[in-house]
Each structure stands twice: as C-alpha cells, then as structure tokens.
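The values are calculated or read from the model by the stated rules, or taken from the named source; none is laboratory data. On a predicted model such as this, the values are computed, not experimentally measured, just so you know. Positions of Cβ are backbone-derived with ideal geometry, glycine not excepted, and every protein chain shown enters the neighbour counts.
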Amino acid sequence: MRILYGVVGEGMGHATRSKVVCEHLLARGHDVKIVVSGRAHGMLSKAFSDVVEIKGLTIRYVDNRMDRDGTLARNVLAAPGMLAKNVGAYFETVSKFRPDAVISDFDSFAYLFAKRHGLPVVSIDNQQIVSRCKIAKFAKAGAKVDYQLTKAFVRAKLPGCDHYVVTTFFEPPIRRKCEGDTTLVPPILRREILDAKKRARPGDHVLVYQTSESDTKLLDELQRIRDQKFIVYGLRRNAQRGNATLKEFSESGFVEDLAAAKAVVCNGGLSLIGEAVYLGKPIFSVPVRNQYEQVLNARYVEHLGYGLEAPQIEADLLRAFLAEAPKFGARLAKHKQDGNRELFGFVDKLLERFAHKAKRLKERSV
C-alpha cells in the first residue's frame, strides 16, 4: 500500500516513535511518504528518503511551564503563513503520491487530506487516551480545568478516524462508545532500547532529562544531594557542575546512560517514561505545568508504584525518592512488554483490512 504518514513536529517524541512504525511499514513492503514539521523534520529526513516538510504549531515554555498565552499568540500570528505553506506542499507532492491510506501521529494535515479524499485513516498516538478512556479521579484531582481543555482539544483534533491505536504504559477502561474503534497498546520502543534490555542494570548514577531549558533551579537542587552522581541531558551543552555531568544529546550515549542508570528524573513525556518502564528504571517525574498529558503520565507512574510525581525538582523529595528506588524497581520488574510486537501485529491487520475493502470496492465498480 501507499501510506501517507503525518507526524506532529512539536517535541521529538512523536518523531522517534513514528520512525519506528515507518521502519516497520517499509520492511513490510509498503511505500511510505512522511509529512512532518519542526525539528522532527530534520531527524526524519535523515532516516527516510521521502519526507515533506510542513509548518506546524510550537509551544513556548517558561520555567518548566507551558506559557499558554505566549503559545497562543505565537501560533495565531503564524497561522496564515503556515496554512499557505502546507496547502502548497500537499498539492505539489502528496496528491501526486496518491496514498491508499493515512496514518496520523496527532498531525492534522495528513488527517484532513484523508478526509478530503475519502481515504481510511488511523490515529497512532498517546494523546487520544485523554478523550477515549475513563481517566481515574486521582489523575484529574486539582487539574480538572487542564483535563477538560485537553480532552476537548484532543477530541476535536482527529475526529472520526477509522481506528485509534493508543500507545500507553497504563490501561484505563475505554469509554463504551469508543470500544469498537479504540485499541490500547504498549509504548513504542526504539530498536536501541530493545537491544539495551539485555544489558540494563542499576548503576551508580541518576539520569536526568529535562525538555525545558528554562528550568533554572535544576542544577542547584542536584548540587544539594552530594552523595549522588547525576548525568544531565536537555541543557544542550557539555560541562561539569559539581556532581552533575552535563551532556549534549547523543542517541547512543543517552541509551547507554539510561541502561546503566539507577533511576530516571524526567518530565512527563511518554517516550522516556515508556523506555524507563521497559528497562526497569524507577521514575521521578516532574511534568511540565499546564500540559495535562504529562500530568496524567506522572500520576499513573506513582499510582502503579513505578516512582513519584513531583511539582518540581526539589532536593529533599528527590533524596527520599532515591532511598525508595529499590521498592519502585521491584514493582517495575513485574511489568511485561514484548517489544513492539503487539502494535505491529495490530497495525498490519488494520492495513490488510483496508486493502481488502479497497479491492472489493474496485471489483464492484468494474
């Protein structure tokens, strides 16, 4: 099949997860065209030959918090040019590709192309869990406004897909009206993480990954825990600050440091949490404020006994978390995931169903 794969470009998590799925599709003999925006375009264009760049939304962060007003203003100002560029890209390249089906990782433009041309469309992302599952009360407490806003936004983003494949490390009940077209699967894992499983061990350092460079208090708090070693990614520089080693991002280096970490300190994004869970690493999660999806992940980390949720990185709380790391590790050891087998198997069946349906329609029209 010819598959149009749309990837939202804000953050790199969507790109790394979509890369895994696209590699699988190509290995199965499908022809894949990727449309993507932002920094994700640079990464995916190095891995695949057929990648189209479009303009996408961006998020502004201030002190480990999503700046709602700044984000809204930036995207409103950019919208007219964004729309013009995307329409041009689609008409020039995507229409000529003549896809048979569309997969969207929270990307609106590939989805709209599918709807405009009557193509089957599959959503593969983690955000849909907010609107298609029953979220427990503990995960909404004190964040009901953000929850309702996020649910409304997610519900409006990709309505009416043929199927929703939701990647998640926790499994809340699917809403009754969504049961027929929603499937929960484990988080998507990179090949590097799958290979690291055999050599994963609790080492002598704590891996710290922060997506927001504006978190100015991070290093000061780490310095207060003098008996621990930290390896810090996300601040985009190589340096030594007391007991904290700062590293520029390197995929191979990051995976090795993750596999050998005694614990992980991160935000609430699914990619790293999913990898940490798979490798059995206790998680201290500090979700970016005003991003409910991250709050949701962090609260389920704590609920499942995989670690702690915290409003900020604070030395005393982090010290208490590290003292309890063996307990969290024991819970994580009970987690089971057979790589990406469940996801790949289900996506293959969906595409086979679409192909058979298209074939029947073609035969009837002859």
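The rows are residues; the columns are (1) at pLDDT below 95; (2) closer than 23 Å to residue 184 by Cβ; (3) small (Gly, Ala, Ser).
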| site | (1), (2), (3) |
| --- | --- |
| 279 | no, yes, no |
| 290 | yes, no, no |
| 300 | no, yes, no |
| 313 | yes, no, no |
| 326 | no, no, no |
| 340 | no, yes, no |
| 357 | yes, no, no |
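Residue check: residue 195 meets all listed conditions (1) among the acidic types (Asp, Glu); (2) over 30 Å from residue 127 (Cα atoms); (3) not in a loop (DSSP other than H, G, I, E, B) but one, namely (2).
Residue-level analysis places residue 249 among those that are within 19 Å of the chain's Cα centre (by Cα), among the aromatic types (Phe, Trp, Tyr) and at pLDDT below 95. When 184, 207, 194 are checked against the criterion of being touching a Gly at 6+ places or on another chain (Cβ under 6 Å) and at pLDDT 95 or above, a single residue qualifies: 194. When residue 179 is tested against (1) assigned to a helix (DSSP H, G or I); (2) modelled with pLDDT of 95 or more; (3) farther than 24 Å from residue 349 by Cβ, just one condition goes unmet, and that condition is (3).
Filtered by the rule that a residue be in a helix (DSSP H, G or I) and small (Gly, Ala, Ser), the range 286-335 gives 298, 315, 320, 323, 325, 329, 330. Among the conditions (1) on the phi > 0 side of the Ramachandran plot; (2) surrounded by fewer than 18 Cβ atoms within 10 Å (Cβ to Cβ), residue 307 misses just one, which is (2).
Only one of the numbered conditions (1) among the polar types (S, T, N, Q); (2) out of contact with any helix residue (DSSP H, G or I) (no Cβ under 7 Å at 6 or more places or on another chain); (3) more than 23 Å from residue 326 (Cα to Cα) is violated by residue 223, and that is (3).
Is there a residue in the range 312-319 that is in contact (Cβ under 8 Å) with a residue 12 or more places away in the chain and closer than 24 Å to residue 131 by Cα? Checking the range 312-319: not a single residue is in contact (Cβ under 8 Å) with a residue 12 or more places away in the chain and closer than 24 Å to residue 131 by Cα. Listed by first and then second residue, the pairs with beta-carbon distance under 7 Å, at least 6 apart or on different chains, first residue in the range 217-228 and over 12 Å from residue 241 (Cα atoms) and in contact (Cβ under 8 Å) with a residue 60 or more places away in the chain, second surrounded by 14 or more Cβ atoms within 10 Å (Cβ to Cβ) and polar (S, T, N, Q), are 228/243.
When you scan the range 22-43, how many residues do you find that are touching a Gly at 6+ places or on another chain (Cβ under 9 Å) and among the aliphatic types (A, V, I, L, M)?
Of the residues in the range 22-43, 4 are touching a Gly at 6+ places or on another chain (Cβ under 9 Å) and among the aliphatic types (A, V, I, L, M).
Within the group 296, 258, 308, which residue is under 20 Å from the mean Cα position of the chain (by Cα), within 18 Å of residue 126 (Cβ to Cβ) and modelled with pLDDT of 95 or more? None of the others qualify; the one that does is 296.
Among the aromatic types (Phe, Trp, Tyr), buried (at least 19 other Cβ atoms within 10 Å of the Cβ) and closer than 21 Å to residue 151 by Cβ, is that true of residue 278?
Numbers: among the aromatic types (Phe, Trp, Tyr): yes; buried (at least 19 other Cβ atoms within 10 Å of the Cβ): yes; closer than 21 Å to residue 151 by Cβ: no.
Judged against the criteria, residue 278 is not a match.
Can you confirm whether residue 245 is surrounded by fewer than 24 Cβ atoms within 10 Å (Cβ to Cβ), hydroxyl-bearing (Ser, Thr, Tyr) and touching a residue at least 60 places away in the same chain (Cβ under 8 Å)? When the stated conditions are applied, residue 245 does not pass them.
Every residue, every condition in (1) in contact with a Leu (Cβ under 6 Å, 6 or more places away or on another chain); (2) farther than 29 Å from residue 21 by Cβ, yes or no:
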site: 199; (1), (2): no, no
site: 202; (1), (2): no, yes
site: 207; (1), (2): yes, no
site: 221; (1), (2): no, yes
site: 229; (1), (2): no, yes
site: 235; (1), (2): yes, yes
site: 243; (1), (2): no, yes
site: 246; (1), (2): yes, yes
site: 261; (1), (2): yes, no
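Scanning the range 111-149 for residues that are at pLDDT 95 or above and of a type in the set (Ser, Thr, Tyr), we see that the one that is surrounded by the fewest Cβ atoms within 10 Å (Cβ to Cβ) is 147.
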